[in-house]
Amino acid sequence: MHSSVYKLQKFIKLEIERGYDNRAVVGGLDKILPAWELEARANQLDEALIQLVLDSLRSYPEGEPAARAELLTHLLNEFSLPASAPHSEPISPSAQSTEQSFGQVAEQAEEPKEEPHYGRAGVYSAPAQRDTVYDAPHEELQGLKASLKVLNGVGPQYLKVLNGVGLNTIEDLLYYFPRRYDDYSQLKPINRLTFGEETTLLGTIQSIVTRPIRSGKLQLTEAVIGDGTGFLRVSWFNQPWLMNKLTPNTQVVLAGKVDQYLGRLTMNSPEVELVEQEHLHTNRIVPVYPLTAQLTQKMIRKMVYQAIHYWASKMPDPLPESVRVAVKLAPLSVAMQNVHFPESQDMLDVARWRLAFDEIFFLQLGVMKLKRNWKTASGQVFDTPQSWVEEQIQRLPFSLTGAQKRVIGEIQADLASGRPMERLIQGDVGSGKTVVAALAAGMIALGGGQSAIMAPTSILAEQHYRSLTRLLTEPGELIAAPFRAEEIRLLIGDTPEAERAQIRAGAADGSVKLVIGTHALFEDPIVFQRLQLVVIDEQHRFGVAQRAALRSKGENPHLLVMTATPIPRSLALTVYGDLDLSVMDEMPAGRQPVSTFVLAPLERERAYHLIEAQVKEGHQAFIIYPLVEQGEKEDPLAAVEEHKRLQNETFRKLSVGLLHGRMKPDEKDEVMRRFRDGEYQILVSTTVVEVGVDIPNASVMLIEGANRFGLAQLHQLRGRVGRGSAQSVCLLIPDHEDALENERLTVMAETNDGFVLAERDLQQRGPGEFLGTRQAGYSELKMANLTDVRLIEKAREQAQILFQNDPDLLAPEHQPLVEKLKSFWEEGKGDIS
Ligand code: ADP
Ligand code: MG
């Protein structure tokens, strides 16, 4: 419904409620006409309807109540508006689970009882035109890439502020979506106000004063507003200039929350507008934008309003018509308009759905394109004899699980296929992914290629270096190991330059066959003679763009990525759509699930006893803290302070190590070495031990401040124990005894299944946990909710259809889409989480 129709309806409703006393609007109903007429024209309302409204309301004050009633009823009928109150129950925009589509709303509109919509479907696609409230922009329309300085009211100073928050162009502004909405679309007479409600009311300033309070530190402006049904006291802090704007007898619209003071209703710092103005900030569903210093809601709304009115209708719609029709999506201009200034809750939902669809759709197209490029590229053939693979498996100190064997077989086939492998191994913590990667590197070496393995931390890289050296160089009884020890090298941040030079020389002449490292490895100018395999461990820390960058170190090398983060299906489809997936769903034999208990803070001593008992039996323990050091008093327990206390008091006779992210890499390595070698019985640590650390002798994991972690993260931490054959225990102690918050933790005690926990996490905490903070492409997801499987599947389906019909997007009607994809994928590029 158009804003002008909506407002008219509201005023009329209010007038009917008041019994036709012509006081719904201060000064008479006809007072709305000048502003309304402009808005109606801007909305491109039918001219005859506009005239009808003007004529009817101009004569309205003269009539008797009966005549007035007839007149208003007639008007409502002309607009086919039902007389019942509009939107008495606002629909929550995000919490809704039912599918919304553009077409649906139009269909529902045929049943006016349920949908108080302006009935004609066509009305939705009439884009907003120039609004007469604002002057034309200083410069001619320059398209969406025009600088924000073309907007009224944006001078050089303000422009700087805007640029500072990443708003440079009109397009940026249009995509600066509200963070939430306030529904001020209910006008109410003062005598009907109730405490606590958010509302909008119309009234006249009766009196207004400003006085200093708190010994002059604050200025309080107080006004009394009347609307014929009653009076309301309203106050604002530190806005003395309001005195100039709100002089007595001015008609105003107030929007805000009804408060109470000394038993009387009041409003504190409501938004206020003069009644003749466009009710941008009040009197409707109002957008609330994310703010930074120096930007106010009003400023942003004003700018966005201008941008919407000049540009939204002229935005090229990047979605092909076919897609839009198939999914019944609103045109982009309509979605844009309604996401900022919703005509109704339904239209807001329609808008959000459309914009969310775009994001997932663009993401999918990009991911599919990557996959296709990859699949059509040719890869070196490494055709490993089955006998060699079987012999190597025999050499290992343990027998492989069925899942490990299966995945090794998949890799073997990939490497022999002539296409570059691009495979994701997803296996819960402790499922034994490392040995699979080791054998892959062995196959490559056998065929004369080089491999690189990249881990997210130096602790982990070093651990891999050690275990791979052991797995790949120790000779079996009859069978030769794939590598000699000097062919495997470690390159991390603090590898000395002299050693790096050696490694580089070896990589260049082919004598170094496997390099294990951190980011440092790919930031290093190292050049390989024949890099044929890139392995990325704990993949969720790296995005699509990083994967692409890594490949460039070799010529279409094979790629293997490994993650212990179980990714819910909906996410996996989106995030890893470009990879083939192997799932390692089997644990090595003899593993006992970790028993998990949630303890109250008061039960801490029991935890300590248990640790002591385990250490007596020769085991080791981790104690994890959410913080390195305690800053504020209210902060949770922190590693540094607690380490002191535990070593000096609780565990005086034991030796307690300390590990955290602020230590230098070689200090960290030294601590890990000591813990691994049993010099420390207890390791106090932050989450730096989260990823991949493997100490089979550790059997207790105590996590303090457990409520501060996501379930997936707790599961990772818990995975540090239970790696040997001993029964292991994980103890979770939250900060405080807050039943509701801690209830979440009990799921940890109920299941050891990473997938179940991941699903819960996704529901409770959103996808950030899985995606890392910012990955190329994903930073562009502002609207889409990655838990919405239905949305994802719809977008994926459409992307697939489009991709099949026009894989290179060459058709002329797909050119706007090509443009859009370019900017969508470029903007997030280079972000490393
Ligand atoms: P993750 O999948 O979490 O990376 P790792 O590869 O670190 O797991 O393996 C965890 C531990 O299990 C290591 O100590 C490894 O040597 C051991 N391991 C791996 N596969 C097996 C197996 N099939 N049988 C017994 N132990 C295994
Ligand atoms: Mg691992």
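For region 491-506, the count of residues that are open to solvent by 40 Å² or more (accessible area, probe 1.4 Å), away from ligand 1 (no atom under 16 Å from the Cβ) and of a type in the set (Lys, Arg) is at least one. Looking across region 723-741, the residues that are in contact with a strand residue (DSSP E or B) (Cβ under 6 Å, 6 or more places away or on another chain) and either modelled with pLDDT of 85 or more or loosely packed, with under 14 Cβ neighbours inside 10 Å (or both) come down to SER728, VAL729, CYS730, LEU731, LEU732, ILE733. Among the candidates ALA35, ALA69, the residue that is open to solvent by less than 70 Å² (accessible area, probe 1.4 Å), at pLDDT below 80 and assigned to a helix (DSSP H, G or I) is uniquely ALA35.
Among the residues of region 465-486, those identified as within 14 Å of ligand 1 (Cβ to nearest atom), open to solvent by 40 Å² or more (accessible area, probe 1.4 Å) and assigned to a helix (DSSP H, G or I) are TYR465, ARG466, ARG470. Out of the residues in region 553-584 that are in a strand (DSSP E or B) and within 16 Å of ligand 1 (Cβ to nearest atom), state the one that is modelled with the highest pLDDT. It comes out as LEU560. Specify the residue that is modelled with the highest pLDDT; the eligible residues are those in region 742-773 that are polar (S, T, N, Q), more than 15 Å from ASP428 (Cβ to Cβ) and surrounded by fewer than 18 Cβ atoms within 10 Å (Cβ to Cβ). Restricting to residues being polar (S, T, N, Q), more than 15 Å from ASP428 (Cβ to Cβ) and surrounded by fewer than 18 Cβ atoms within 10 Å (Cβ to Cβ), the top hit is THR746.
One residue stands out in region 692-714 among those that are open to solvent by less than 10 Å² (accessible area, probe 1.4 Å) and within 16 Å of ligand 1 (Cβ to nearest atom): the one that is modelled with the lowest pLDDT, namely VAL693. Inside region 431-450, residues that are open to solvent by less than 20 Å² (accessible area, probe 1.4 Å), of a type outside the set (Val, Ile, Thr) and more than 15 Å from ligand 2 (Cβ to nearest atom) make up a count of 5.
Scanning region 599-654 for residues that are more than 19 Å from LEU745 (Cβ to Cβ), assigned to a loop (DSSP other than H, G, I, E, B) and open to solvent by less than 20 Å² (accessible area, probe 1.4 Å) yields one hit, PHE651. Candidates in region 416-440 are the residues that are closer than 15 Å to PRO557 by Cα, more than 36 Å from the chain's Cα centre (by Cα) and not hydroxyl-bearing (Ser, Thr, Tyr); of these, the one that is nearest to ligand 1 (Cβ to nearest atom) is ALA416. Of the residues making up region 14-24, those that are open to solvent by 20 Å² or more (accessible area, probe 1.4 Å) and of a type outside the set (Val, Ile, Thr) are GLU17, ARG18, GLY19, TYR20, ASP21, ASN22, ARG23.
Checked against (1) more than 10 Å from ligand 2 (Cβ to nearest atom); (2) assigned to a helix (DSSP H, G or I), ILE453 passes all but condition (2). Taking the stated definitions as given, is ALA335 open to solvent by less than 20 Å² (accessible area, probe 1.4 Å), in a helix (DSSP H, G or I) and touching a Leu at 6+ places or on another chain (Cβ under 9 Å)? Yes, satisfied.
Whether any residue in region 451-464 is surrounded by fewer than 19 Cβ atoms within 10 Å (Cβ to Cβ) and not acidic (Asp, Glu) is what I want to check. No: region 451-464 contains no residue that is surrounded by fewer than 19 Cβ atoms within 10 Å (Cβ to Cβ) and not acidic (Asp, Glu). TRP388 passes every criterion in (1) crowded, with 22+ Cβ neighbours inside 10 Å; (2) part of a helix (DSSP H, G or I); (3) among the aromatic types (Phe, Trp, Tyr) apart from (1). Look at region 585-597: where a residue is part of a loop (DSSP other than H, G, I, E, B) and a partner is open to solvent by 50 Å² or more (accessible area, probe 1.4 Å) and within 16 Å of ligand 2 (Cβ to nearest atom), sitting 6+ places away or on another chain with Cβ atoms under 8 Å, you get PRO588/PHE398.
Taken over region 678-715, the criterion of being part of a strand (DSSP E or B) and within 16 Å of ligand 2 (Cβ to nearest atom) is satisfied by ALA698 alone. Taking the condition at pLDDT 90 or above and either within 30 Å of LEU29 (Cα to Cα) or under 25 Å from the mean Cα position of the chain (by Cα) (or both), does PRO320 pass? Considered against the rule, which asks whether it is at pLDDT 90 or above and either within 30 Å of LEU29 (Cα to Cα) or under 25 Å from the mean Cα position of the chain (by Cα) (or both), PRO320 comes out as no. Scanning region 410-430 for residues that are more than 16 Å from ligand 2 (Cβ to nearest atom), farther than 19 Å from GLY448 by Cβ and open to solvent by less than 30 Å² (accessible area, probe 1.4 Å) gives a single hit, GLU422. Against the conditions (1) within 16 Å of ligand 1 (Cβ to nearest atom); (2) in contact with a helix residue (DSSP H, G or I) (Cβ under 6 Å, 6 or more places away or on another chain), GLY719 satisfies every one except (2).
The values are calculated or read from the model by the stated rules, or taken from the named source; none is laboratory data. Note that this is a predicted model, so its numbers are computed, not measured. Please note: Cβ atoms are built from the backbone with ideal geometry, for glycine as well, and neighbour counts cover all protein chains shown. Ligands, DNA and RNA are excluded from the accessible area calculation, which covers all protein heavy atoms including side chains. Shrake-Rupley method; radii C 1.70, N 1.55, O 1.52, S 1.80 Å.
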